[in-house]
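Here it is, the structure in full.
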Amino acid sequence: MSDQATSFVRNDMLPPKEPPSSQVGVVKWARENLFGGWLSTVLTLLSIAAIVYIVWHLFPWFANGVWNADSLTQCREILNGATGACWAVIRVNWLQLVFGFYPPELYWRPILAFVLLFVAIAPVLFPSVPRKLLWFSGLYPFLAVWLLWGGTVWAPVLTLAGFVLGYLVLMAAGSLGTVIATGLTIAVPVLFWLFALGPLDDFLQGVIPLEIEPVASRDFGGFMISVVIGVAGIALSLPLGILFALGRQSTMPIIKWISVVFIEFIRGVPLITLLFTASLLLNYFLPPGTNFDLILRVIIMVTLFATAYMAEVIRGGLAALPKGQYEAADALGLDYWKAQRLIIMPQALKISIPGIVNTFIGLFKDTTLVVFIGILDPIGRASAIRATSDWQGIYWELFLFIGAVFWIFCFSMSRYSMHLERRLKTDHR
Amino acid sequence: MATDSGAPTGSFRLSMLLYDSRYRSLTIQVFAFFVLMFGAAWLVYNTKTNLEALGKPFGFDFLFNTSGYDIAQRPIEYSSQSTHLRAAMVGLLNTLILAVMACVTATVLGVFAGVLRLSNNWIIARLMTIYIETFRNVPVLIWIIVTSAVMSESMPPPSAFRGADPSASMILWDSVAVTNRGVYIPAPLVEHSLGSLNIPGVQLSLDAIAFLVVVALSIWVNRRVLAHATKVQNATGVRPATWWKSLLILFLPAIVLLYAMGFHLEYPALRGFNFSGGIQMRNSLIAMWIGLSIYTAAFIAEIVRAGIMAISKGQTEAAFALGLQPGKTMRLVILPQALRVIVPPLISQYLNITKNTSLGLAVGYMDLRSTLGGITINQTGRELEGMLLMMLIYLIVSLVISTVMNFYNDRVKLRER
């Protein structure tokens, strides 16, 4: 037995073999992601062909771009027959595209307002910012209006004073019962604005004349007007939208029907007809002799338009909440508004974030439609620039610039909404 | 047993209108109703005063006056001698034509882009992401104006098609000419026309009606044949072959009819300085159509992607476990569930397209807003009536679309317990 030859037994591991070259690195990745099947291969080849075609045709145009010229003719002379963009039109006109006819020596005011806008929305957007800044967010609308339109400081201060007055009345009348207190809180400031604001404004202006140079609305233009209308519409349409969404869910038939008719009417007609109503028809609907600012009218119409869409988005969020949440709030003994504020809305709004931000983005893009009623927004400015003899026949550079600016605004809004969704996610799926 | 001890009994006091939740809602509603009525009365009174001050009566009789302006694209008979009402009808038809065209192309493009964005192919998925993010973050008005500029600036003039060695040539086997004056496509014509049906105001082509009736009948007969096949299959377990019957029923009658009527295509041809023959699709229509389609397709792509991603992977795995093939899995399991998610937002995209056709103003497309809400208002000075009528028409169109699409939505919706 002992001299029987022992068969070979390997006592050390073989080193692992290299995987075949088609299963590693770039080749594997390409096989899986670019050439996995005949359909995928065809799509890849088509895509590459399309990219090459586009780059081949557009690259020289971008690369040969002329930045220093005073007119299209000069651009063409510099290019000397080669294909190339004439970016000079942007360099020469960009201030007009951004500010319209706003007086150049006062450019600091819209710029300051724009910078302060970010300070004001920072505590709303990011929880890490100190909460005390919310006071500034509350003051910001009055400050921005004063900075943009100029004039006496007392008008916005007194308007703000109306709100403070309302708050004081609410505190003082709290013992008189909810209904009387609410009525007084609404009535006192309204009476104050209607009757006391004008005389007080004149009086204070006489005593302490604090004034910066006023700028008329017709001088507003360019991206400034888009941002003004967009931000005002966004800020106003969310609370109004919440009210109409609640109205549509209400058990009170008249309130419900008012909300339904409003929402369905606004959603059924194009925004452009509402804008024309603002510019053509509002004079019919108001008492003879009333004449108020075109930009204000446009802001009102854009806000109403966005409100209807916002209401539907939030209604979707409300409908998605389980019924148990409402019942639990009732069981805790919360009244309607407390239940909405503490239980329902935080959850419903969280569900509807994507829809809300989409409505915001849509509203901001829709501000371009004001060009049809004669407000010189970026597109209106671009047409005006193209109508001058210097820049006649220029198209792509201007539209590329305007499109790029809109793209940056809208894309960052949509990225922020994705960030917010992730931050507020509470389920553990 | 809990007994209801909540509601206080006692006589009704006036303060209960404010403090008793049983009556408070009534108070609020009556208050809201009065505020609303007061506001409406105020608006109507102001309007009446203003109209009287301007010396304008309120009425729609201007619709029956001669319009006095021309419309380039007329789907129905129209001339500058026709009435404003007729002009409004032409405008409405142009709006609807554009809306239908844009809805169809946007859906096709959007479904492709949405599915391709989910593809395993790295490069095409990235390309589609770029397409979607570029197009939906820039205002549609810019896309319309850019398309219009591309058509009028970058396309060859008709004269470029002339001569022995033309610098431009027609595409698709010499049937379509893309010029800076518009796109010329072949026109379908019949030799032995059946004539047309003249209802006052509208002229309907009997040829088109006959064709539609034949197609509708074929589809109905085909469905009967398929139903019968299913019945036989249920009874015997063997499904009779139907594919040749379906082919025959669906196509033969239509082809025979077209042959009998002498159907042919009239190709556009260069005569003199311009193309003649065929159908001219003006630049305004092309710009609106392409601009609206590619913009809305980006939104539809996202809707389709969300719809497909909403279906959990377990559904596919369950279908495979039942032994269904991939094609059937898609058709019977994934798609019916995805449609439930896709259809409602798709409806609102269709409504958006219809409303966005009113941007035709930017490129001179003569839609409802440009005829009734534009030239007619300018000529007659009847802003109030014109705008109200226009809003009403848009409202009706929107409501009809949403009703029809909601009906469809109810059919594809999964029945839940």
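The values are calculated or read from the model by the stated rules, or taken from the named source; none is laboratory data. Values in this document were obtained by computation on a predicted structure and should not be read as measured data. Virtual Cβ from ideal backbone geometry, glycine too; neighbours counted across all protein chains shown.
Identify, please: which residue in the range B:126-153 is closer than 23 Å to B:Gly114 by Cα and more than 9 Å from chain A (Cβ to nearest Cβ) and is, among those, surrounded by the most Cβ atoms within 10 Å (Cβ to Cβ)?
Once the filter is applied, the top-ranked residue is B:Ile144.
A further question on this structure: Within the range A:111-118, is there a residue that is more than 23 Å from A:Val370 (Cα to Cα), in contact with a Pro (Cβ under 9 Å, 6 or more places away or on another chain) and assigned to a helix (DSSP H, G or I)?
Residues of the range A:111-118 more than 23 Å from A:Val370 (Cα to Cα): A:112, A:115-116, A:118.
If we keep only those that are in contact with a Pro (Cβ under 9 Å, 6 or more places away or on another chain) too, we end up with none.
Scanning the range A:111-118 turns up no residue that is more than 23 Å from A:Val370 (Cα to Cα), in contact with a Pro (Cβ under 9 Å, 6 or more places away or on another chain) and assigned to a helix (DSSP H, G or I).
I've got another one for you. Sort out for me the strands (runs of 3 or more DSSP E) sitting completely within the range B:252-298 that have 2 or more residues that are not aliphatic (A, V, I, L, M). Reasoning before the result, please.
Values: elements: B:263-266, B:269-271, B:274-276, B:279-281.
Hits in the range B:252-298: B:263-266, B:274-276.
Give just the number: which of (1) touching a residue at least 60 places away in the same chain (Cβ under 8 Å); (2) of a type outside the set (Ser, Thr, Tyr); (3) out of contact with any Ser or Thr (no Cβ under 8 Å at 6 or more places or on another chain) does A:Trp149 not satisfy?
(3)
Six or more apart or on different chains, Cβ atoms under 8 Å: show the pairs whose first residue is in the range A:373-388 and over 18 Å from A:Leu274 (Cα atoms) and whose second is of a type in the set (S, T, N, Q).
Pairs found: A:Pro378/A:Ser226; A:Pro378/A:Thr368; A:Ile379/A:Thr368; A:Arg381/A:Asn93; A:Arg381/A:Gln96; A:Ile385/A:Asn93; A:Ile385/A:Gln96; A:Arg386/A:Gln392.
A further question on this structure: Kindly check whether there is at least one residue in the range B:308-317 that is outside the structural domain of B:Ser119 (by TED's automatic domain parsing) and of a type outside the set (A, V, I, L, M). Steps first, please.
Narrowing the range B:308-317 to residues outside the structural domain of B:Ser119 (by TED's automatic domain parsing): none.
No: zero hits.
Across the range B:363-383, what is the total count of residues that are hydrophobic (A, V, I, L, M, F, W, C) and either without any contact (Cβ under 8 Å) to a residue 12 or more places away in the chain or surrounded by fewer than 24 Cβ atoms within 10 Å (Cβ to Cβ) (or both)? Quick ask: steps written out before the conclusion?
Narrowing the range B:363-383 to residues hydrophobic (A, V, I, L, M, F, W, C): B:363, B:366, B:368, B:372, B:375, B:377.
With the extra rule that they be either without any contact (Cβ under 8 Å) to a residue 12 or more places away in the chain or surrounded by fewer than 24 Cβ atoms within 10 Å (Cβ to Cβ) (or both), the set shrinks to B:363, B:375, B:377.
The qualifying residues number 3.
Yes/no per residue for (1) touching a residue at least 40 places away in the same chain (Cβ under 8 Å); (2) aliphatic (A, V, I, L, M); (3) in a helix (DSSP H, G or I):
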residue: B:Ala72; (1), (2), (3): yes, yes, no
residue: B:Pro75; (1), (2), (3): no, no, no
residue: B:Tyr78; (1), (2), (3): no, no, no
residue: B:Gln81; (1), (2), (3): no, no, no
residue: B:Ala87; (1), (2), (3): yes, yes, yes
residue: B:Gly91; (1), (2), (3): yes, no, yes
residue: B:Ala102; (1), (2), (3): yes, yes, yes
residue: B:Gly114; (1), (2), (3): yes, no, yes
residue: B:Asn120; (1), (2), (3): no, no, no
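Here's another thing I want to ask about it. Here is a list of conditions, (1) of a type in the set (Gly, Ala, Ser); (2) surrounded by fewer than 21 Cβ atoms within 10 Å (Cβ to Cβ); (3) closer than 23 Å to A:Cys410 by Cα; (4) more than 13 Å from chain A (Cβ to nearest Cβ), and B:Ser169 meets all of them except one; can you say which number that is?
(3)
Does the range A:239-271 hold any residues that are buried (at least 19 other Cβ atoms within 10 Å of the Cβ) and among the aliphatic types (A, V, I, L, M), and which are they?
Listed by number, the residues that qualify are A:Ile242, A:Ala245, A:Leu246, A:Ile255, A:Ile258, A:Ile263, A:Ile266, A:Val269, A:Leu271.
I've got another one for you. What's the number of the condition A:Leu97 fails, among (1) under 30 Å from A:Tyr395 (Cα atoms); (2) in a loop (DSSP other than H, G, I, E, B); (3) within 24 Å of the chain's Cα centre (by Cα)?
(2)
If A:Ile408 satisfies all but one of (1) at the interface with chain B (Cβ under 9 Å from one of its Cβ atoms); (2) crowded, with 20+ Cβ neighbours inside 10 Å; (3) closer than 30 Å to A:Gly317 by Cβ; (4) not charged (D, E, K, R), what's the number of the condition it fails?
(2)
Here is a further query. Out of A:Gly221, A:Gly230, A:Gly241, A:Gly268, which single residue is small (Gly, Ala, Ser) and at the interface with chain B (Cβ under 10 Å from one of its Cβ atoms)?
On the way: A:Gly221 fails: at the interface with chain B (Cβ under 10 Å from one of its Cβ atoms); A:Gly230 fails: at the interface with chain B (Cβ under 10 Å from one of its Cβ atoms); A:Gly241 fails: at the interface with chain B (Cβ under 10 Å from one of its Cβ atoms).
That would be A:Gly268, the only listed residue that is small (Gly, Ala, Ser) and at the interface with chain B (Cβ under 10 Å from one of its Cβ atoms).
Could you grab the pairs with beta carbons closer than 8 Å, sequence gap of 6+ or different chains, first residue in the range A:288-306 and not assigned by TED's automatic domain parsing to the domain that holds A:Phe372, second one not aliphatic (A, V, I, L, M)?
Close Cβ pairs satisfying both conditions: none exist.
A further question follows. Taking the criterion of being surrounded by 13 or more Cβ atoms within 10 Å (Cβ to Cβ), among the aromatic types (Phe, Trp, Tyr) and modelled with pLDDT of 85 or more, would at least one residue in the range A:32-40 satisfy it?
No: zero hits.
Okay, next question. Residue pairs, Cβ under 6 Å, 6 or more apart or interchain, first in the range A:266-282 and not assigned by TED's automatic domain parsing to the domain that holds A:Gly362, second outside any loop (DSSP other than H, G, I, E, B) and of a type in the set (Lys, Arg). List them.
That search, which allows pairs on different chains as well, returns nothing.
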